Amino acid sequence: MVDASIRQTFLDIASNEHAIPEDVDPAEFVYSSIPLLGESDGEFRERNVYGTLHRWIVSEAIDAQGLRDIHLGLLGENALFSGIGENGSDSVFLRAFVALLLVPTLYMHRKQAFLSSEEVEQTCNDLARYLREEKDLRGYISGEKWWAHGIAHAADAVGQLVQCSELGSEPIVQLLEAIAGAMTPDTVVYAHEEDARMAAAVLKLLKRDVLSQEIIENWLKHVVPKARFEGQLPNVHIQYVNARNSLRCLLFQAKGELADGVISLIEAAHAALPDR
């Protein structure tokens, strides 16, 4: 439960259109507020904490060093990986909203390049690990707790990350492998547009045009499940449905955005989906 004075601070900021108070250092405030992204009160977490931190990050009121400190503070065991592997607990909120806050920090990096090439690659590695290890795939949870949506939030962060010019083809391939797994879980059918948001991230990645058609074709084979009903039910069927929906989202979004050769590869992958 968040301290009443801290809650009131955020409520006062929100009531003043999220303006930065004169006596507040925005970089220090944002950095120290990262743990509050794990609050289970959905309205407070999303409208007040995340809403304020996002606005201040993109306001250009924080200098490059402050933005770098915030970004790096979002990575690691105490933030993006806090409680990783748990399923059904409130620990998901911190991970999920840390992933979402990487969107504005990466956006600002693309505008003013405050991260080193090594730090961009570290971010890539961490997002790939998050996609591999996140087990809590819940979207909307309840009227009290609102959203978790970690996979969708990570997809949004990937969409910003892959547009960073510092990122080369090797870490992108590793990220793609993690995305393939996240697109096709066998425990739950995505119901809150996770498939569309992951497809949007993949589309931005493919538009970088740094991967050969052979690499793309091999990756698509990893997305397509080997069978629809062979194996343990309902898991194999759930995986099939997620793969089908993700490929359809990607194919729809790719029209007019990617080269015909790449679109043909996606069409072939969709056609290769097993019918039994």
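See the values below:
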| item | result |
| --- | --- |
| Residues of the range 253-267 satisfying the condition of being within 25 Å of residue 173 (Cβ to Cβ) and either free of Cβ contacts under 8 Å to residues at least 40 places away in the same chain or not in a helix (DSSP H, G or I) (or both) | 255, 257, 258, 259, 260, 263, 264, 267 |
| Any chance residue 72 is in contact (Cβ under 8 Å) with a residue 40 or more places away in the chain and crowded, with 18+ Cβ neighbours inside 10 Å | no |
| Helices (runs of 4 or more DSSP H) contained in the range 115-230 and holding at least 1 residues of a type outside the set (Lys, Arg) and farther than 22 Å from residue 268 by Cβ | 117-133, 150-161, 169-183, 194-207 |
| Among (1) assigned to a loop (DSSP other than H, G, I, E, B); (2) under 21 Å from residue 176 (Cα atoms), the one test that residue 87 misses | (2) |
| Tally, over the range 225-241, of residues that are under 17 Å from residue 180 (Cβ atoms) and buried (at least 17 other Cβ atoms within 10 Å of the Cβ) | 6 |
| Residue in the range 33-54 that is hydrophobic (A, V, I, L, M, F, W, C) and surrounded by fewer than 18 Cβ atoms within 10 Å (Cβ to Cβ) present | no |
| Residue 144 among the charged types (D, E, K, R) and loosely packed, with under 15 Cβ neighbours inside 10 Å | yes |
| Of residues in the range 4-40 being of a type in the set (Val, Ile, Thr) and in a loop (DSSP other than H, G, I, E, B), the one nearest to the chain's Cα centre (by Cα) | 20 |
| For residue 43: the one exception among (1) touching a helix residue (DSSP H, G or I) at 6+ places or on another chain (Cβ under 9 Å); (2) farther than 21 Å from residue 127 by Cα; (3) assigned to a helix (DSSP H, G or I); (4) not β-branched (Val, Ile, Thr) | (1) |
| The one condition in (1) free of Cβ contacts under 8 Å to residues at least 24 places away in the same chain; (2) surrounded by fewer than 17 Cβ atoms within 10 Å (Cβ to Cβ) that residue 272 fails to fulfil | (1) |
| Restricting the range 149-181 to residues that are touching an Asp or Glu at 6+ places or on another chain (Cβ under 6 Å) and within 26 Å of residue 50 (Cα to Cα), the residue that is surrounded by the most Cβ atoms within 10 Å (Cβ to Cβ) | 150 |
| Residue that is modelled with the highest pLDDT [pool: residues in the range 4-28 that are touching a Ser or Thr at 6+ places or on another chain (Cβ under 9 Å) and under 27 Å from residue 89 (Cα atoms)] | 10 |
| Pair list, Cβ < 7 Å and 6+ apart or interchain, from the range 94-113 residues that are in a helix (DSSP H, G or I) to residues that are of a type in the set (Asp, Glu) | 95/134; 100/156; 103/156 |
| Within the range 124-175, considering residues that are aromatic (Phe, Trp, Tyr) and under 24 Å from residue 186 (Cβ atoms), the one nearest to the chain's Cα centre (by Cα) | 130 |
| Test: residue 222 is at pLDDT 95 or above and surrounded by fewer than 19 Cβ atoms within 10 Å (Cβ to Cβ) | no |
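The values are calculated or read from the model by the stated rules, or taken from the named source; none is laboratory data. Keep in mind the model is a prediction, meaning the values are calculated, not measured. Using ideal geometry, Cβ is built from the backbone for each residue, glycine included, and neighbour counts are taken over all protein chains shown.
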